Amino acid sequence: MDKERQLIVKTERMIDDLKAVCGEYGLSNTGNEYKIIADSFLYKYLNDKFLYEFKRVDKSLSKSSTTKEVEEEIMKLSPAEMSKYRYGLGANVAYIRKEFLVSYLFNNKNSTTPKFYELFDNALDGISNDNIDIFSVRTGSKEKIKLFSPISQYIIESNKKNDFAKAIIDKLVEFSFDEVFDEKYDFFATIFEYLIKDYNKDFGKYAEYYTPNSIARIIAKILVPDTDKVRNVSIYDPAAGSGTLLLALAHEIGESDCTLYTQDISQKSNEFLRLNLILNSLVHSLDNVVHDNTLLRPSHLNKDGNNLAKFDYIVSNPPFKTDFSDYRDKLVDDKYSDRFFAGIPNIPNKDKDKMAIYLLFIQHILFSLKDNGKAAIVVPTGFIAAKGAIEKKIRKYLIDNKWVKGVVSMPSNLFATTGTSVSIMFIDKSTINEKVLLVEASDLGIKTKDGKNQRTLLTYEDIIKIQECFLNNEELENFSIKVDINEITEKEYSLAASQYFDIKIEYSAMTSEEFKETIDEYSKTLDKLFNEKSECEKELKKNLGMMKYE
């Protein structure tokens, strides 16, 4: 087993151990379990990152110094001496006082004043307060949301709080992140996916907040091919979820060459997004993470504050169907209502939870994209050929402006919690797109079972095939086709590849005798079917006549 795989296995084992502790205290599959797992994981990560960087800057320590030696050195320092290190550790490092370290808590497990769980809670609260200006995200009203919540609050019985806190610390002290800090995005993407795999269905309105890595990697490579040198750009996702699309694109560009801006209505997804940004050296973007309703209260404005901000790149997998009837009419009179150029879906008499909210997100994204910007939007495949007024008006707007670079129709069941087929629409305002590349990739992938659900997994070869086909602007038989925008206009602005493929009829050589024999066979088969139908009709009438009223 190679080193990276060993590290992944060890890290996954630590996550499993934390989940086991939750199970012992009756917290498995509860709404609080994800908070305990995520907060414990992040606390340990920040703790070990602090020690790792402290060793780098403290002149009395060497590269060969052990973690224990680093901790011993820290314990010798006074609060004033410790504070000198606060701003020299790097932008992605949280400052942690010695009494808030995991090792300090572990060595004081038998504390009675205060009780150990209070010591633990105080450490989490202290780290949150000491780092609130850098490591917090915010609400739409600019209130800062702290890193951690007290861990003991999740245990109702007071006499179990201490034991629970000790059990968590025992698992954390057994593990070390030291070896993983030099690992790159691919490592942390794998770990992050494992960390949240049991929690990737939200409890709020926006249930789809985890996008498969396969889709994220396809989008990132197509938006930023190897030939592009991108510097100092902004990336936006108005329905960011846990940030899978953002992180893949940021990695492709380079974490130091981009700034991320997000908004999402879900508290849980914002917490996972923050964790994802911290793990991937994007702490500088945390202040741009907003927990609020994007459609009702868009938070990212231009410098004057009088209109919505514009971004270089936008990636999004917005919610497809959800009830927004409570604020539908407010959007009509919204300050930024001109963004909804194609219209706002009406409130149906029933099935309000099926209101097509994604149509609003598409319009919001187009409005928020710079004049030379690029975007990738995950949409339900039905959208690309739907005859609805709003759907058609959006497609017409895109085609008439020659902004559509291409569309990739993906296999069904790619997502963990829905079988909805999706397509990825690529928009490029930086060039005039006279032809659109349409890719029909719905037959790719391997079928598998995820519990009771059917899943489709794209292989590495599938991902490469889609990426190379798109980047090479290549036509492949029954897979991809370049279509002139005039032809798209004639087909009511449909962006479904299958409507443009040539229909091919296979012919085979046949003698006149063989032809007559084939036709006679078809005729006999039809006669048989017609006779069976006639007999069935007679039998039904016979049985009907035998029915009596009693």
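Each value in this text was obtained by applying a stated rule to the coordinates, not by laboratory testing. Every value quoted in this text rests on a predicted model; they were computed, and no experiment measured them. Using ideal geometry, Cβ is built from the backbone for each residue, glycine included, and neighbour counts are taken over all protein chains shown.
Per the helix-only calculation at 222 nm, which mean residue ellipticity applies to the chain, given -39500 (n - 2.57) for every DSSP H run of n ≥ 4 and division by its residues, nearest 500 deg cm²/dmol?
Estimated from H runs of four or more residues: -13000 deg cm²/dmol.
For the pair residue 513 and residue 296, how long in nm is the line joining their label points, each one 7 Å along Cα→Cβ?
Label at residue 513, label at residue 296, 8.0 nm between them.
Using Cα atoms only, what is the angle between the long axis of helix 3-24 and the major principal axis of the chain, expressed in degrees (0 to 90) to the nearest 10?
Result, in degrees: 80.
Taking 1 over the mean of 1/r across every pair of different Cα atoms in the chain, what Kirkwood radius in Å do you get? Could the numbers behind the result be given before it?
Working: mean 1/r = 0.0374 Å⁻¹.
Radius from the Kirkwood sum: 26.7 Å.
Calculate one ³J(HN,Hα) per residue across region 472-486 by plugging θ = phi - 60° into the Karplus curve 6.51 cos²θ - 1.76 cosθ + 1.60, and present them in order as whole Hz with x for glycine and proline.
Going residue by residue, I get 8, 6, 9, 9, 10, 4, 6, 10, 8, 8, 9, 10, 5, 5, 5 Hz, with x marking Gly and Pro.
Report for the chain the percent antiparallel among DSSP-assigned beta bridges with both residues inside it, nearest 5.
Working: 26 of 47 bridges.
That works out to approximately 55 percent antiparallel.
Fewest first, what order do 85, 522, 327 take by the number of other Cβ atoms within 10 Å?
Values: 85 17, 522 9, 327 12.
Lowest count first: 522, 327, 85.
Which of the aspartates and glutamates could a cross-linker bridge to residue 330, judged by Cα under 19 Å and excluding same-chain residues fewer than eight apart?
Within the straight-line limit of under 19 Å, residue 330 reaches these aspartates and glutamates: 264, 292, 338, 353.
State the volume of the convex hull built on the alpha-carbon positions of region 37-94, expressed per residue in Å³ and rounded to an integer. Can you show the working numbers first?
On the way: hull volume 5.3 nm³, N = 58.
That works out to 91 Å³ per residue.
What distance in nm separates the simple spin-label points at residue 146 and residue 335, each placed 7 Å from Cα in the Cβ direction?
Going by the 7 Å Cα→Cβ label model, 3.0 nm.
Return 457, 246, 51 ranked ascending by Cβ neighbour count within 10 Å, so the fewest neighbours appear first.
Numbers: 457 16, 246 31, 51 25.
Arranged by neighbour count, lowest to highest, 457, 246, 51 become 457, 51, 246.
For region 420-425, what does the Karplus curve 6.51 cos²θ - 1.76 cosθ + 1.60, with θ = phi - 60°, yield as ³J(HN,Hα) per residue in whole Hz, taken in order and with x for Gly and Pro?
Listing the rounded values in order: 4, 6, 10, 10, 10, 9 Hz.
Could you go through region 240-246 in sequence order and give the Karplus-derived ³J(HN,Hα) for each residue, using 6.51 cos²θ - 1.76 cosθ + 1.60 with θ = phi - 60°, rounded to whole Hz, and x for Gly and Pro?
5, x, 8, x, 4, 5, 4
Could you tell me the calculated FRET efficiency between residue 443 and residue 133, based on Cβ-Cβ distance and R0 = 51 angstrom, to the nearest 0.05? Intermediate results must be reported in sequence, preceding the final value.
Values: r = 51 Å, r/R0 = 1.00.
So, using R0 = 51 Å, E works out to roughly 0.50.
Based on a Kirkwood Rh over C-alpha pairs, give the Stokes-Einstein translational diffusion coefficient of region 386-508 at 4 °C and viscosity 1.567 mPa s in µm²/s.
Values: Rh = 15.7 Å.
After rounding, the answer is 82 µm²/s.
Provide, for region 221-327, the number of lysine pairs with alpha carbons under 30 Å apart, each pair being eight or more places apart or on different chains.
So the count works out to 10.
Collect residues whose amide H, placed 1.01 Å from N in the peptide plane, falls under 5 Å from the amide H of residue 233; neighbours closer than 5 in sequence don't count.
It is 258, 259, by chain and number.
With a cut-off of at most 16 other beta carbons within 10 Å, and DSSP calling the residue loop, which trypsin sites (Lys or Arg not before Pro) in region 1-85 qualify? Please list them. If you can, show how the numbers build up before the last one.
Details: sites: 3, 5, 10, 13, 19, 35, 44, 49, 55, 56, 59, 63, 68, 76, 84; in loops: 59, 63, 84.
Sparse-neighbourhood loop trypsin sites (Lys or Arg not before Pro): 59, 63, 84.
Taking H placed 1.01 Å from N in the peptide plane, check which residues at least 5 places from residue 405 or on another chain put their amide H under 5 Å from its amide H.
Those lying under 5 Å, H to H, from residue 405 are 426, 427, 428.
For residue 314, which sequence-distant residues (separation of 5 or more, or a different chain) have an amide H within less than 5 Å of its own amide H, given hydrogens modelled in the peptide plane?
Residues meeting the amide H criterion: 236, 374, 375, 376.
Based on Cα positions only, what radius of gyration and what Dmax would you give for region 316-396, in angstroms?
Computed over the Cα atoms of region 316-396, radius of gyration and Dmax are 12.6, 41 Å.
Can you give me the angle between helix 116-130 and the longest principal axis of the chain, using Cα atoms only, in degrees from 0 to 90, rounded to the nearest 10?
Helix 116-130 and the main axis of the chain meet at about 80 degrees.
Could you tell me the calculated FRET efficiency between residue 482 and residue 387, based on Cβ-Cβ distance and R0 = 25 angstrom, to the nearest 0.05? Intermediate results must be reported in sequence, preceding the final value.
Numbers: r = 24 Å, r/R0 = 0.97.
With R0 = 25 Å, the Cβ-Cβ based efficiency is 0.55.
Once both axes come from the Cα atoms, what is the angle between helix 389-400 and the longest principal axis of the chain, in degrees from 0 to 90, rounded to 10?
With both axes taken from Cα atoms, the answer is about 80 degrees.
Given the C-alpha centroids of region 273-329 and region 1-77, what is the distance between them in whole angstrom?
Distance between centres, Cα-based: 30 Å.
Run the reach check for residue 68 against aspartates and glutamates, Cα to Cα strictly under 18 Å, same-chain hits fewer than 8 apart removed. What comes back?
List returned: 48, 53, 58, 99, 170, 174, 178, 179.
If a paramagnetic tag sat 7 Å from the Cα of residue 432 along the Cα-Cβ line, which residues of region 477-499 would have the backbone N under 16 Å from that point?
Residues passing the 16 Å test: 484-486.
Loop only by DSSP, 13 or fewer other Cβ within 10 Å of the Cβ. Give me the chymotrypsin sites (Phe, Trp or Tyr not before Pro) in region 140-201 that pass, ordered by residue number.
Details: sites: 148, 154, 164, 175, 177, 181, 185, 187, 188, 192, 194, 199; in loops: 148, 175, 177, 181, 199.
Within region 140-201, the qualifying chymotrypsin sites (Phe, Trp or Tyr not before Pro) (loop, at most 13 other Cβ atoms within 10 Å) are 181.
State the dimensionless ratio Rg/Rh of region 3-183 (Rg: radius of gyration of Cα atoms; Rh: Kirkwood radius).
Details: Rg = 16.6 Å, Rh = 17.3 Å.
That ratio is 0.96, to two decimals.
Note down, for region 189-432, the three equivalent ellipsoid semi-axes (square root of 5 times each alpha carbon gyration tensor eigenvalue), biggest first, whole angstrom. Present the calculation step by step, with values, prior to reporting the outcome.
Values: eigenvalues 121, 88, 72 Å².
Ellipsoid half-lengths, sorted descending, are 25, 21, 19 Å.
Extension gain residue 492-residue 32, at 0.36 nm per residue separation less the Cα-Cα distance, in nm?
Working: separation 460, 0.36 × 460 = 165.60 nm, distance 4.88 nm.
Using 0.36 nm per residue and subtracting the Cα-Cα distance, I get 160.7 nm.
With only alpha-carbon atoms in the gyration tensor, what are the semi-axes of the equivalent ellipsoid for region 104-173, in Å, largest first? Walk me through the numbers on the way to the answer.
Working: eigenvalues 135, 36, 19 Å².
In descending order, the three semi-axes are 26, 13, 10 Å.
Can you work out the FRET efficiency for the pair residue 65 and residue 112, with r the C-beta to C-beta distance and R0 = 35 Å, to the nearest 0.05?
Numbers: r = 33 Å, r/R0 = 0.95.
Efficiency for this residue pair is about 0.60.
When a/c is below 1.5 the answer is rounded, else prolate if a/b is larger than b/c, else oblate, so apply that to region 76-118 with a ≥ b ≥ c taken from the square roots of the Cα gyration tensor eigenvalues.
Values: a/c = 3.20, a/b = 2.09, b/c = 1.53.
Because a/c hits 1.5 or more and a/b exceeds b/c, region 76-118 counts as prolate.
When we measure straight from the Cα of residue 166, which lysines land under 19 angstrom away, once same-chain ones fewer than 8 places off are left out?
19, 35, 44, 98, 109, 115
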